[in-house]
Amino acid sequence: MPNLAVDVIDIIDPADDRVDDFRDLNSVDRRPDLPALPGGRPGKGLVIAEGVLVAQRMIASRFAPHAFLGVDKRLGELADDLTHPALAGVPFYRATAEVMADVVGFHLNRGVLAVARRPSTLDIASVIEDARTVAVLEGVNDHENIGSIFRNAAGLGVDAVVFGAGCADPLYRRCVRVSMGHALLVPFASAEAWPADLETLRSNGFRIVSLTPDPGSVALADAVDAERVAFMVGAEGPGLTETAMRAGDVRARIPMSRGTDSLNVATAAAIAFYERARREAPIS
């Protein structure tokens with residue numbers, strides 16, 4: 001094994017308070033990834049990465065891990081990544097699968113967790129500065145859909161994500177897990193004023209394309225040829241609000257057959273991202 005920057009510390013007692021940041025991950029009253037707990041109590045609001053691949057992406061991101069918890073096998077699989085100088089002195093709490101299960105509240109097949117504090121938030125202007133393609137979300141409150149959109153964005157050349165009103169927290173544990181860690185790598189920002197902040201995109205040369213099943217809208221393929229494009233998608237069921245669509249530039253639909261009127265939001269977003277990507281450059 002290479003020289004590790006982390007400090008490996010064995011945990012034999014699941015009640016050890018050194019692993020409290022990993023405790024009770026399924027508890028609605030105590031989960032450490034919640035910024036606010038029931039009753040208005042402040043939460044830790046930590047960012048948790050599950051599994052080797054997601055932990056690797058956390059290490060590579062601006063979300064600097066301050067601790068790890070895992071079994072010895074996963075320590076070996078992460079060994080090369082754990083030599084990074086930025087991890088000097090960060091504890092890797094090594095435990096058996098049984099002790100880990102007692103700490104987190106369930107058996108974790110992935111065998112390793114990394115935890116980070118939330119860095120300062122980014123603003124819209126900074127995340128779109130060098131972007132050519134952006135995803136904009138309104139009312140997307142399902143963690144799995146948000147995670148899938150981040151994964152699709154990473155794979156299909158989307159440079160940033162902007163969150164409008166009514167969206168779930170992209171740093172909840174499930175979002176990060178479903179995104180395969182790409183929620184930590186694809187930059188994102190939240191609109192302070194919605195939908196007025198869309199003007200920041202427009203003033204920076206973005207064509208704002210609202211995805212809708214409206215048969216009177218243009219076909220998606222006819223809406224993606226601008227130099228800079230922002231795809232706006234809405235919640236499952238209701239879709240984008242009329243107010244948000246009025247703030248966009250063009251309404252576009254994905255042509256569908258057999259009487260289907262809409263797709264899952266993450267699927268629709270992926271199709272839009274692909275249509276844009278194939279115009280930009282051949283997909284390898």
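The values are calculated or read from the model by the stated rules, or taken from the named source; none is laboratory data. Predicted model, so just to flag it, every value in this text is computed and none were measured. Positions of Cβ are generated from backbone atoms using ideal geometry, with glycine treated the same way; all protein chains shown enter the neighbour counts.
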Worksheet entry | Selection status of Ala244, in a helix (DSSP H, G or I) and among the hydrophobic types (A, V, I, L, M, F, W, C) | yes
Fill in: Condition check for Leu198: in the same structural domain as Leu263 (by TED's automatic domain parsing), in contact with a strand residue (DSSP E or B) (Cβ under 7 Å, 6 or more places away or on another chain) and closer than 30 Å to Leu34 by Cα
yes
Practice prompt. Could you tell me whether Ala125 is more than 27 Å from Ala67 (Cα to Cα) and surrounded by fewer than 15 Cβ atoms within 10 Å (Cβ to Cβ)?
Written response: yes
Practice prompt. Name every residue in region 128-159 that is in contact with a Leu (Cβ under 9 Å, 6 or more places away or on another chain) and within 17 Å of Ser210 (Cα to Cα), in order of residue number.
Written response: Thr133, Val134, Val136, Glu138, Gly139, Ile149
Worksheet item: Say we look at region 237-253 and pick out the residues that are touching a strand residue (DSSP E or B) at 6+ places or on another chain (Cβ under 7 Å) and either among the charged types (D, E, K, R) or within 19 Å of Leu156 (Cβ to Cβ) (or both); which of these is modelled with the lowest pLDDT?
Response: Arg253
Worksheet item: Could you list, in sequence order, the residues of region 215-258 that are hydrophobic (A, V, I, L, M, F, W, C) and touching a residue at least 60 places away in the same chain (Cβ under 8 Å)?
Response: Val229, Ala230, Phe231, Met232, Val233, Ala235, Leu240, Ala244
Worksheet item: How many of the residues making up region 256-284 are touching a strand residue (DSSP E or B) at 6+ places or on another chain (Cβ under 6 Å) and either at pLDDT below 90 or outside the structural domain of Arg151 (by TED's automatic domain parsing) (or both)?
Response: 0
Discussion item. As an exercise: evaluate Ala230 against (1) at pLDDT below 95; (2) outside any loop (DSSP other than H, G, I, E, B); (3) small (Gly, Ala, Ser) and give the number of the one condition it does not meet.
Written reply: (1)
Item to complete: Filter region 227-240 for residues that are surrounded by fewer than 18 Cβ atoms within 10 Å (Cβ to Cβ) and under 20 Å from Arg132 (Cα atoms) and give the result.
Response: Glu227, Arg228
Discussion item. Restricting to region 126-144, name every residue that is touching a strand residue (DSSP E or B) at 6+ places or on another chain (Cβ under 6 Å) and assigned to a helix (DSSP H, G or I).
Written reply: Val127, Ile128
